[in-house]
Each structure stands twice: as structure tokens, then as C-alpha cells.
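To keep things clear, I will list the structure first and then write my remarks on it.
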Amino acid sequence: MSDYLPEEVVLEILHRLPVKSLIRFRCVSKSWNSLITTPAFINSHLTRSHSLLSNSNKLIVRHCLDKPYVEHYKLIDDSNDSFDQIQNIELPLTSRRIQHFRLIGSANGLFSLFEQERFILWNPSIRKFITLPKPCITVKAHGRLTCRPAFGFDPRTNDYKVVRIAFPTEEAKPPLIEAYSLNEDSWKLTSASFPPGIGFSCWHKPAASLGGAVHFAVYDKDNCSRPLVLSFDLGDEVFRLMSLPNCAFSGSNVQTSVIGGSLSLLFYDDRFVANKCCAIWMMKEYGVVDSWTKLLTVDLNKEIIRVLCLQKNGNILVEVNLPSDWELSSYDPKSQHVKSLGICGRPYYFHVDNYVENLVLLDKPNDAVSKRGACRKRKCRLTSDKEVCQLQEAKHLLQEILQHASVYELQLDIIHQQQTIIHQQETILLPLQEAILHDKRALQLQEALLYELETILQQQTEKIATLISQIEIMETAESKLVFLIQRLKGQAEVETMLQQKTKKMTSLKSQLEKMDTIKSKLVSLIQQFKGQVGEMSSGVGDQSSAPVQQRSQQRSSSAGQEM
Amino acid sequence: MKFCTVKQYFDDENNNNVTNGIATTVIPLPNKHLKIKANNKEMEQYEQELLRNVMPQELTKLILAANYLNFKEALDFFCRTVANAIQNKSVDYVRKFFGLESDFEPGEEEKLCKEFAWSFEGVDED
């Protein structure tokens, strides 16, 4: 083949090749390598990519799995209902904070990720990422900040830009704004003035990139928190506000998006706990307030937690909370049926975008990836390549030895002898190996026996444990009985004491009774004496009365003394 | 105008770029285009028939002819065909196809290959 194709023709062919082939054909020759990596080719390939039929129905899904903290990017064919997965690409970089990166946004199949002040641009088409230089607005320089980032594509300059709107924690100060341009590879502070009295409805969801501007969902602090759309033009770096029709209710959670090429808003309404829903509005004509139309409402009361993207067949891709996991699913608004697509991941970290193959970042210098961050698969391939090279080198050495046969004959003889020895040793080894195998089997049997014994031991120890517990129970019962017996004994003693006392009491009572009878007898006697004395004194005369009275008095006093 | 170069071709007798065989394949294409117009399937069948008789290496000659004749549809068609033919092939195949040689230094090519090793997966064997 002596015909050389002119460069313009080669370019025509290259423009029609897919990204994977282009990357590989960089190795064809130096001229092809330089052709493929010029920014002009990268740009023109992207514009042609948009028009290719094979690219018009692809979606790229970002989902994050925990442990390992890896982000997956799946390419999916959206042209039919079966939702085939074409490819799965992993981000070959792990976050230093044992978490996932946060997504700033995506445009033309290029993703922008960040953690703290480390910003990354990642192109899954060519599996390449670059780390952006340090931004101008940092915590060191400006104190603590709350930052709203955004990522967008400016078709006028074919430039990708990362925007940061940083609010110092002292509220009175206006925010600082800077933008990174991929073409210039540098951050620059802008003099754009952020409109006062405006607050962001949402700080972390990606801002929609459309027509060379990034769009944020904001609210008017001074006007009953009326919702608005704030756009930042990536070309002239000017903020503009867009009103929404009055009937759009104010939700605290509003997100901008691009649906079918038009700016859209997702209103998450959770004012009523029993009736959560998400309303999708679309601005059919850019810039015309009256062209805002409500597409549909998605019911969020069951499993659906977030709306992600609209499919070609009218279904909606949603994030669904299932009992076992969070999954990407397809929701049919007509039948209200949710069909799981089997892609699981961390909730609120799903992201879906239209996908176009592109070569952006190919011409940028490679990132020095830390060993920790490098893809394990690539490492394995590199080591196996090394082994292949080593094998090839060994081959070359052997050939050299054969060429110098006369000098190395002796060595060959020695090698032969050694080989025979090795053979003999192998023959010796074989029965040993068999013996080892036998031993292994015996060991296995013994292990099985041991296992059985162990289980028996376990059962016995369990029995012992139950017996011990029974004994303990009995001991406690015994002590209780002893205690009771003692109490009873005590009670018996008390009873005997009582009996003795009652006996004493009865004896005393009997004594008292005796005394009472004696007393009564005495009293009756005294009365008799008194009667007799009276008779005697009255019948006989007074002569004997005085000594009789004296005798009766003496008798009564002696009777009294006897008592 | 599709045929200004063709007119020049016929006027200019001393012509090395386009052999007769190629000319007979390329020139009838615009007529066929007009007849079939926007019927893609029929065009595809016609194109496939054309290609069955043409070796892959011949395609580069066809492309040169179409380029020389300034014939955009044919150029687009042939480039597309070449792209489809080579897209899943190895680097060596492509070099042979275009008659190119590797002008890399020994270490450079390896570096490039290793950098994007994933792009060499699933490549057709030569």
C-alpha cells in the first residue's frame, strides 16, 4: 500500500470512530496521536457525536456503593423499554475522607466532583480524571464559608466551567464568586454581584446547565420566600433572575434540571405529611415566564423518594426506598407502576444524565494518582504486563545460551545430572505425597471425631450447668427451710414462755380466789361475832358486856392479825 | 456542484489519481442517489452490495478518488465504511490497512498502551 491518505481524509475517518477505538489508535503513529489529542479535534468530535444516532439514546447513571466506597457509572440504552446496561465504569479514585465525593454537576458526559476544597473533573468515556488547581476562595484565606458550587458547559467557547459562590459565615458580607475555566486551567474571581435578598432553595443538588448558563432554584427573602430561578451566565459572568408563575407553590426543596432540552424545576412539596409529592414544571420557551407548564406530579407517599430524569418513552427514572436497599427504578405515570432496574446505591447520591461519548480531558496532562487511589484492576494488569516482559527477556537469554553451546556444554551436563537427581527425588516424593494425603485424610477423620467429642463435651457441660443451677436452687430452698425452722423454733419457745406465764397466772388467780374465800369467811365470822356480841350485850346486861366486848374485840383483832 | 471535478477529470487526460475501475464504481453513485433519494434501507442494501465486491484495501483508493472528485456523499459513505471496518481492530491491523509505520520510540508506545489499557480489551484478532 503506497497510497497515503491526506490528513483531512484521515480526520474524516477518525471523526466517525467511537472513543474506545480512538484512544487505542493513538498508538498507531505519532501523527495519529497528535491528531486525536488536539483540542480542535476533541471539540469537533463532540459536536459530531451529538448528531450520531448511536449516541442519542444513552443515559449515564451515577450510583455510589458503600464499602468499598466506590462510585459506579453505568451506561444504559434508553431506546427501548428493556433498559439494557451497556457498560459499567468505576471511578478510579477514592475519597480521602472514607466517603463518597459530592457531585457538583454533569455536562456532555463530563462530571464534576468535589470534597472540601479538592475539585475533580471526570470523563467516564475515556476513564480519565484531572484534579483542578486550588481555588482562590479558601477557608485559610477567607475564613469559614458556605459554598454553592455549579458546573456547566459554554457552547460559545467550548469551555467547561466550575463556579463557586462562597458565603462567609458573617451574614452581612456579600458572597465571593469564582469560576474555573477548563480551557485556561485556572480559577478566577469574578466581579459579578450576587443579587441581594436571595437565598438558595437547595445547596447540594446539581444546578442545571443550559445554553451556556447555570441555573439555581432560589427564593426571595424579602418577598414571602417567593421562588425564583437565578441564572449565572458562564460567558459574561452576570447573574439574572427569572420569575415563576404565581400558581407555582413555594416549596423549600426545589431543584433545577434539564428535561427534553428545556429548563425544568422539580418542586418537592412536603408540607403535608400524608400527601408528599413532586411536581415537574418545564419552561417550554426559554426566558418566557408564561411558558412554564406543569408536566406532571409524582406521588412520593410510597417508595419513591426522588425524581431523577425523564426517559424517552415518557417514564420517569426515580430513586426508590425499598426495605432492603435504595434502588433506581422506572415509574410509569399512566399506570403508576414502579419497576425496579436493579441498580442499588446510596440514597440521594444517584444522578442520571444524557450521555454523549466524548474525548474531553484527553489533551490534559495526567493526574499523579496516589497509590491508594489507583484502580486495582489497572495495577494487576501492569504487574501481569511486567511478568510478560520478564518472560520474553528470559526467552532471549536462553537463545543466547544455545548459541554458545561449546562453552556451556559442561554446564548442560551438570544440568542433565541434576535433572536426573530431580527425577529420582520426584519418584521418592510421590509416595511421600501419597502418605501425606493419607495423613491428611486421617487428620480429617480425627478432626471429625474431635468435632463430635467437642459437641458431646458441650452437651455435657450444658447438663452440668443445668445441674449446678438446680443445686443452687435447692441450696437456696434449703437455706430458706433452715430459716423457717429457726423461726418456728423461736415461735415454739415463745409459746412455752407464754404457757408458763399463763400457768403462773392461773395459780395466782387460784390463790387470789382462796384469799377471797378466806376473806369472805372472815367477814361472815366477824358479822356472826358482832351479832352474838349484840345479843349478849342486850340479853345479859352491861357488866359482862365490857369484857365480852373487850374479848370480842381481841378475838376480832387477833383474827384480823391472823389474817 | 458534484461533477465539476469529474468534468476536469475528463478534460485532463494525464491522470494518475483515479484508475478506471475506481471511476466506474464512484461515478454512478450520484445517479443512484437521485433515484433512491431518502430511502435509507435501499441505499444501505446498494452500498452493501457495492462493498461485497471491494476489498478493504481498495476502500482507501475509493476514498482518494472520492476526495479528488470532491464527492461528499461518497466520501462520507466510504469513510463511514472504513470506520466501521477498523473500529474494533488492533493497532497493527490499522497500520497495515493504511500502510503506516510506527514512528514511536521503543518506550513511548508502551507507555501509551499502558495508560489506556482498557481500550485494548475486546479487540478483534488479526
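Quick note: the coordinates plus some simple rules give every number you see, no bench work behind them. Note that this is a predicted model, so its numbers are computed, not measured. Please note: Cβ atoms are built from the backbone with ideal geometry, for glycine as well, and neighbour counts cover all protein chains shown.
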Which whole-number percent gives the relative contact order of chain A, counting Cα pairs below 8 Å spaced six or more residues apart? 11
For chain A, what is the mean residue ellipticity at 222 nm derived from helices alone (per DSSP H run of n ≥ 4: -39500 (n - 2.57); sum divided by total residues; nearest 500 deg cm²/dmol)? -14000 deg cm²/dmol
Taking Cα centroids, how far is the range A:196-232 from the range A:70-148 in Å? 22
For A:320-326, A:388-394, A:9-15, A:41-47, ranked highest to lowest by mean beta-carbon neighbours within 10 Å, the order is A:9-15, A:41-47, A:320-326, A:388-394
Under the definition of partner shielding as Cβ atoms of other protein chains within 10 Å of a residue Cβ, what is the mean value for peptide A:124-137? 1
Roughly how many whole Å is it from the C-alpha centroid of the range A:293-329 to that of the range A:496-530? 110
Please say if the range A:387-448 is rounded, prolate or oblate, where rounded means a/c under 1.5 for a ≥ b ≥ c the square roots of the C-alpha gyration tensor eigenvalues, and otherwise the choice is prolate for a/b larger than b/c and oblate otherwise? oblate
Residue pairs, from the table A:20/A:161; A:30/A:188; A:395/B:96, whose Cα atoms sit over 30 Å apart: A:30/A:188
Taking the simple approach of a point 7 Å from Cα along Cα-to-Cβ for both residue A:131 and residue A:394, what is their distance in nm? 3.8
In percent, how large is the relative contact order of the range A:139-216, given Cα pairs closer than 8 Å and 6 or more residues apart? 30
Among the chymotrypsin sites (Phe, Trp or Tyr not before Pro) within the range A:269-301, which fall in a DSSP loop and have no more than 15 other Cβ atoms within 10 Å of their own Cβ? A:272, A:286
On average, how many beta carbons from a partner chain sit within 10 Å of the beta carbon of a residue in B:84-92? 4
Loop-only GluC sites (Glu not before Pro) in the range A:254-335, please: DSSP not H, G, I, E or B, and at most 13 other Cβ atoms within 10 Å. A:285
Per-residue average of Cβ from other chains inside 10 Å of B:93-104: 5
Using DSSP to define loop residues, name the GluC sites (Glu not before Pro) in the range A:450-499 whose beta-carbon has at most 12 other beta-carbon atoms within 10 Å. none
